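Notes to accompany the following structure.
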Amino acid sequence: MEFKNYKPKNGKLLKIYVEFSGTKIKEFKLRGDFFMHPESSLESLEEFMLNLDMSKNFTQDLEGFLASNQIQVFGFLPQDLYDFLTMQYEG
Amino acid sequence: MKAKFLNTGFKSASFNFACDEVLLDYVSKTGIPVLRFYGFEPTSCTIGYFQGMELEIDTQKANQAGVECVRRITGGGAVMHDQNQFTYTLILPEKLLSQNILKSYEQICYSIISGLKRLNLDAEFAPLNDIVLNNQKISGNAQTRKKGCVLQHGTLLLNVDVDLMFSLLKVPDEKIKHKLIQSVKKRVTGINQHLENPISFDEISKILKEEFLKNFNFSKFEDLDLSEFNSSIEKLQSKKYSSSQWNLKY
């Protein structure tokens, strides 16, 4: 399993493993030196990311998920994940 | 409001984090804030809650060197802890701090900063979780909120050995490791490099204890006797913080 490094501007160092199936995310693992409150939210975030469609409202969907579950993240923004995943998808 | 204080000296990483978690339960049950000062012995590597152990640490090398590698309950990055560092944990009911996590980091770090000012060191808070001196990092801090409490722990570098730091930490590209080390040497410093007379762990402890007391308006610190928690700490140390299940969780 190869994790790729991504350092968003003003963010923390992210290490991400991703696989796509068409435009959808098939596998997603997020590691790094970011902060997430509560910490136990990581698994639900990773699960939520599965089947998200890069061609649809990715950033808004992710923002909505974080807000509705009262998850606070420090070290990256939903847009950062979108930017990285787009590079992987297109790359 | 009174608070409890304890200095547990230099202990292993698994002990230190088990101790933090047991004390978190204590604060959750009693509502009494606890401040603990400590260090790490033997040298240890700790990783943030969301980091992958094998992604961050050369665990084979660490095992050979007898360096304990432990996952924290807080986020943030990988840290090499040697005996040149001062470490604190402050645990208090959430209601005593700002609900805003960013602000609460600053509230707690302020006691470190005001202590350093007494040594004529003009340290500053660097959001999210660092303290810098002349734009060089001297302290990293990490926070979690559980069971109605805030637990923040942080390390203050008295002296810094960047080469040791990188001896076990993995870098994204081995080819640029030397360059990276040189860059970190410029960005990280220990407070003793800026003092005429080096300060000891005990001397900085005395100053910072006074600053936490004053800045949080605690009426006094009472010593907390750890002996009543020993069996809980030992149990957690062995079942959680020494276990692969926890340390290799990610």
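The values are calculated or read from the model by the stated rules, or taken from the named source; none is laboratory data. Quantities reported herein were computed from a predicted structural model and do not represent experimental measurements. With ideal geometry, Cβ positions are generated from the backbone for all residues, glycine too; neighbour counts draw on all protein chains shown.
Worth pointing out:
- Taken over region B:60-79, the criterion of being within 14 Å of another protein chain (Cβ to nearest Cβ) and either assigned to a loop (DSSP other than H, G, I, E, B) or surrounded by fewer than 20 Cβ atoms within 10 Å (Cβ to Cβ) (or both) is satisfied by B:Arg72, B:Ile73, B:Thr74, B:Gly75, B:Gly76, B:Gly77, B:Ala78.
So that you can scan it fast, the table gives a plain yes or no per residue for (1) in contact (Cβ under 8 Å) with a residue 24 or more places away in the chain; (2) buried (at least 17 other Cβ atoms within 10 Å of the Cβ); (3) not in a strand (DSSP E or B):
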{"position": "A:Lys15", "(1), (2), (3)": "no, yes, no"}
{"position": "A:Glu19", "(1), (2), (3)": "no, no, no"}
{"position": "A:Leu45", "(1), (2), (3)": "yes, yes, yes"}
{"position": "A:Asp61", "(1), (2), (3)": "no, no, yes"}
{"position": "A:Val73", "(1), (2), (3)": "yes, yes, no"}
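- Considering region B:1-12, the residues that are assigned to a strand (DSSP E or B) and hydrophobic (A, V, I, L, M, F, W, C) include one that is farthest from B:Gly154 (Cα to Cα), namely B:Ala3.
- Matching residues, region A:7-28, being more than 20 Å from A:Asn57 (Cα to Cα) and either more than 13 Å from every other protein chain (Cβ to nearest Cβ) or under 11 Å from the mean Cα position of the chain (by Cα) (or both): A:Pro8, A:Lys9, A:Leu14, A:Lys15, A:Ile16, A:Tyr17
- Here is the figure for region B:86-135: residues that are polar (S, T, N, Q) and within 17 Å of the chain's Cα centre (by Cα) total 6.
- Matching residues in region B:139-172 - criterion: being within 12 Å of chain A (Cβ to nearest Cβ), out of contact with any helix residue (DSSP H, G or I) (no Cβ under 8 Å at 6 or more places or on another chain) and either part of a loop (DSSP other than H, G, I, E, B) or over 16 Å from A:Phe35 (Cβ atoms) (or both): B:Pro172
- For B:Asn197, the requirement of being in a loop (DSSP other than H, G, I, E, B) and either under 20 Å from the mean Cα position of the chain (by Cα) or modelled with pLDDT of 95 or more (or both) is met.
- Residues that are surrounded by fewer than 17 Cβ atoms within 10 Å (Cβ to Cβ) and within 24 Å of B:Gly9 (Cα to Cα) are absent from region B:149-158 altogether.
- Comparison of B:Tyr110, B:Tyr49 shows that the only residue that is modelled with pLDDT of 95 or more, within 19 Å of B:Gln245 (Cβ to Cβ) and not in a strand (DSSP E or B) is B:Tyr49.
- Scan of region B:13-35 for residues that are assigned to a loop (DSSP other than H, G, I, E, B) and out of contact with any helix residue (DSSP H, G or I) (no Cβ under 8 Å at 6 or more places or on another chain), ordered by number: B:Gly31
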